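Notes for the one structure printed next.
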Amino acid sequence: MKDPVRVAVTGAAGQIGYSLLFRIASGQMLGEDQPVALQLLEITPALDALKGVAMELEDCAFPLLTEIVQTDDPEVAFGDVNYALLVGSRPRSKGMERKDLLEANGAIFTVQGRALSSSAASDVKVLVVGNPANTNALIAMSNAPDVPNDRFTAMTRLDHNRAKAQLAQKTGTSVNDVTKMTIWGNHSATQYPDIFHAEVGGRSAAELVNDQGWLESEFIPTVQQRGAAIIEARGLSSAASAANAAIDHMRDWALGTPDGDWVSMAIPSDGSYGVPEGIISSFPVTCSGGEYSIVQGLEIDEFSQGRIDATVAELQEERDTVAELGLV
Ligand SMILES: NC(=O)C1=CN([C@@H]2O[C@H](COP(=O)(O)OP(=O)(O)OC[C@H]3O[C@@H](n4cnc5c(N)ncnc54)[C@H](O)[C@@H]3O)[C@@H](O)[C@H]2O)C=CC1
Ligand SMILES: O=C([O-])CC(=O)C(=O)O
């Protein structure tokens, strides 16, 4: 058996937490030979609910689960953690403008960035799930001087998985046949799911589909609006599929992506594909040895470039707003 690693989850008593924690504790994120200590953060009024979740975790008698920390103090939650999944955030409420949401979450992610900086292990890897995920990650990163910037990522894996499922349905294949999907940009309705480099059974997906109308009026809007469609149908936002995507994101980052395929992660831009530095934007990446790298050399046609520019422009606006608020 390996030595245990420490995994922090914020918003641990929420809907995503309820799907996520059990899968981390069972070894689905870091492997069935990797013991884990869970360090769970909640706001003070949710500590009772968190206690119930912790009792259920105990009752699973997971062989890999070595310890459960329950706290409302970010410094305690992030103490010596190797992985941090920042799920808890302030949801948008009625009448709230985007700027109000960014400000409300700024208060959370500045504090959590500082706590990660002062308390986490030197190898910490951070995934931000709580929305607006890319910009929350930017705020946390900007407030964590002692954590290298490239450890801050945001989740577009749910969008990636949604896009794979839609493409498999359209082509009458299985998701196992779909590779090299890419989500560019923001985890929002401006994101660009790109099938021009994707393959289905090793063949070009775009050529196989050969239907620009479907692409523009069905595929792209369906993936962009899927979160809203789930809320409409379920009365609650995606939780099990979001938890599943968080597991996929962290597992691939830690243990590597399969040969011949890539995944989508929102990461601090290094200027690749003309995406300006200073924002956290989704790219196609491969992972190996615990590090990710952007897939280089993809040809971007005019249609795709226009879509990428639009979602990058939204991220720059969000960055400017949080900069005006003094959060980054
Ligand atoms: N990036 C992505 O693809 C997706 C992101 N999301 C986002 O994930 C977030 C969580 O979703 P749910 O679990 O469904 O929400 P939820 O409302 O069920 O749970 C959120 C939990 O976070 C806690 N929380 C709030 N502020 C906190 C703080 N400062 N520290 C620690 N905990 C705090 C709340 O008490 C609550 O228990 C939302 O922002 C949602 O929009 C959801 C689906 C997909
Ligand atoms: O749309 C939402 O509020 C939840 C979310 O991020 C998603 O399901 O992609």
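The values are calculated or read from the model by the stated rules, or taken from the named source; none is laboratory data. No experiment lies behind these values; they were computed from the predicted model shown. So basically every Cβ, Gly included, is an ideal-geometry build from the backbone, and we count neighbours across all protein chains shown. Accessible surface is based on the protein model in full, side chains and every heavy atom, while ligands, DNA and RNA are left aside. Shrake-Rupley method; radii C 1.70, N 1.55, O 1.52, S 1.80 Å.
Values as computed for the structure displayed
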item	result
DSSP-defined antiparallel bridges as percent of all bridges, the chain, nearest 5	45 percent
Segment 35-133: GluC sites (Glu not before Pro) falling in loop per DSSP and having at most 10 other Cβ within 10 Å	Glu97
D_trans [Stokes-Einstein, Kirkwood Rh over alpha-carbon pairs] for the chain, 20 °C, 1.002 mPa s, µm² s⁻¹	107 µm²/s
Simple spin-label estimate for Val295 and Ser26 in nanometres, 7 Å along Cα-Cβ	2.9 nm
Inter-part distance where segment 61-80 and segment 191-253 are each reduced to a Cα centre, Å	33 Å
Global size of segment 99-178 as Cα Rg and Dmax, reported in angstrom	16.5, 50
Mean accessible surface per residue for segment 156-321, computed with a 1.4 Å probe while every protein chain stays in place, in Å²	42 Å²
Heavy-atom accessible surface of the chain: percent carbon and sulfur, 1.4 Å	47 percent
Candidate lysines for bridging to Lys125, where Cα separation is under 30 Å - those fewer than 8 sequence places away on the same chain excluded	Lys2, Lys51, Lys99, Lys164, Lys180
Within-9-Å neighbourhood charge of Leu138 [Cβ basis; K, R +1; D, E -1]	0
Förster radius 51 Å - calculated FRET efficiency between Glu207 and Asp100 (Cβ-Cβ, nearest 0.05)	0.70
For segment 5-154: span of alpha carbons on each principal axis (Å, largest first)	44, 35, 23
Computed accessible area, Arg92, all protein chains, 1.4 angstrom probe, square angstrom	130 Å²
Inter-label distance for Ala313 and Ser288, nm, one decimal - labels placed 7 Å from Cα along Cα-to-Cβ	3.8 nm
Residues whose placed amide H lies under 5 Å from that of Val69, excluding near-sequence neighbours	Leu38, Gln39, Leu40
Built amide H within the under 5 Å cut-off of Val178, gap 5+	Gly201
Over segment 156-321: Kirkwood hydrodynamic radius from C-alpha pairwise inverse distances, Å	16.2 Å
